[in-house]
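Below: one structure, written as structure tokens.
The values are calculated or read from the model by the stated rules, or taken from the named source; none is laboratory data. It should be emphasised that the depicted structure is a prediction, and the values quoted were computed from it without experimental measurement. Here the Cβ positions follow ideal geometry from the backbone for every residue, glycine too, while neighbour counts run over all protein chains shown. When the accessible area is computed, the model is the full protein with side chains, heavy atoms only, and any ligands, DNA or RNA have been set aside. Shrake-Rupley method; radii C 1.70, N 1.55, O 1.52, S 1.80 Å.
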Amino acid sequence: MPTNVTADYKKAEDAFRKARDPRERLECLREMMRTIPKHKGTEHLQADIKSRIKQLTEELSAPKKGGRRSGPSHVVRSEGAAQLCLVGPPNAGKSSLHARLTGSRTEIAPYPFTTHLPIPGMFPHENIHFQLVDLPPVSAEFMEPWLVATMQPADGVLLVIDVNDPECIEQIPVIMARLAEKKIFLRERWPGLPCESKEPPVADNPFQLDLPAILIANKCDLDPDPEEVIVLEELLGLRFPALTVSAETGEGLEKLGPLLFQALEVVRVHTKSPGKPADMEKPFTVRRGDTVMDVARLVHREIAEGLKFARIWGKSVFDGQQTGPEHAVEDGDVVELHL
Ligand SMILES: Nc1nc2c(ncn2[C@@H]2O[C@H](COP(=O)(O)OP(=O)(O)OP(=O)(O)O)[C@@H](O)[C@H]2O)c(=O)[nH]1
Ligand SMILES: [Mg+2]
């Protein structure tokens, strides 16, 4: 980022980085365009912002009558505790995993390039859901051009391979390189997992997308050697957290929910109105370090704007403790928001 930008621009850029909803991202981009100092040093960035605005506007616009775009939108609105994209070579079993974990009816077939569109589905874990997005394959020969836009709202990637296919040694670097060409980088480091990675620090470019990835070694029913994926990572010099699973038998899949929950540092919060019991069914989800104010924003924008204080019941507070909006919430907290 150029050093001589204004505080307003920085604020817009920060908001853009945090925004997950495509419409919200578009708003942030417009704000970035409005606030960016218009001089030679920012020309490239201005051009980047413009092209992103164009791209997102097209993705979000309803098909025009007789217009160019008549197909479905390729951007999936993020829902649940986090959005994870299923990325991998053809035939690895992405759709089989998706169908098994989310109950979706995404198409599965023994030949490559079966999936053509992003298919969302909700994967339940305890009292929350992770959103999994099934995607077409990425290969040396082909990657759908819209995949880049589809991956923007994601919180992470499940990199699915057929662990028995010797070609996966070449396929993984090809996929990573193809995405890197489009400024999408698969990262080994997750907020909540220990990591020995020597990855370079994240670059200061608002349009670079750094997505933490878990390597999913699928089809272990065909060759149940748990060491296989470790050897593969050694060979490739990679240290993604890895799971060995079978979409066919379900083996190993029970570990995915807990792993994602820990890796993403999900924090579940129940809200209640004064004098009423808490809604213990569906928690709001935020991340470790997020505050009472972040919870209020999820409940309603007006509640966030008027928020004065909260009362909290939970592990790290005494019952009904009064806190300010900046208090960090903990998993399982019950929060009463006061205006
Ligand atoms: N034995 C075994 N077969 C599997 C497993 N997972 C998927 N398959 C089979 O592998 C083939 C491809 O599965 P898909 O789920 O369509 O693979 P995909 O990665 O979505 O493929 P594309 O959409 O073409 O990229 C199908 O014949 C599946 O039945 C598994 O864990 N074990
Ligand atoms: Mg598929």
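Before moving on, here are some points about what is shown:
- Residue satisfying all of: in the stretch 103-146; among the small types (Gly, Ala, Ser) and touching a strand residue (DSSP E or B) at 6+ places or on another chain (Cβ under 9 Å); surrounded by the most Cβ atoms within 10 Å (Cβ to Cβ) among these: GLY121
- A Cβ distance below 9 Å, combined with a sequence gap of six or more or placement on separate chains, defines the contacts here; from the stretch 98-111, residues that are under 8 Å from ASP134 (Cβ atoms) reach residues that are part of a helix (DSSP H, G or I) and more than 9 Å from ligand 2 (Cβ to nearest atom) in the pairs THR106/ALA99.
- Members of the stretch 272-303 that are exposed (fewer than 13 other Cβ atoms within 10 Å of the Cβ) and farther than 14 Å from LEU339 by Cβ: GLY275, LYS276, PRO277, MET280, GLU281, LYS282, GLY289
- Enumeration of residues in the stretch 140-186 that are basic (Lys, Arg) and touching a residue at least 40 places away in the same chain (Cβ under 8 Å): ARG178
- Residues in the stretch 77-113 that are β-branched (Val, Ile, Thr) and near ligand 1 (Cβ under 7 Å from one of its atoms): 1 in all.
- Residue that is more than 16 Å from ligand 2 (Cβ to nearest atom) and β-branched (Val, Ile, Thr), where the choices are VAL174, VAL160, VAL133: VAL174
- Residue ID - least open to solvent (accessible area, probe 1.4 Å), chosen from residues in the stretch 304-332 that are outside any helix (DSSP H, G or I), over 14 Å from SER273 (Cα atoms) and of a type in the set (D, E, K, R): ASP331
- Tabulated pairs, the stretch 280-293, first under 12 Å from HIS327 (Cβ atoms), second open to solvent by 100 Å² or more (accessible area, probe 1.4 Å), C-beta under 8 angstrom, 6+ apart or interchain: THR291/GLU326; VAL292/GLU326; MET293/GLU326
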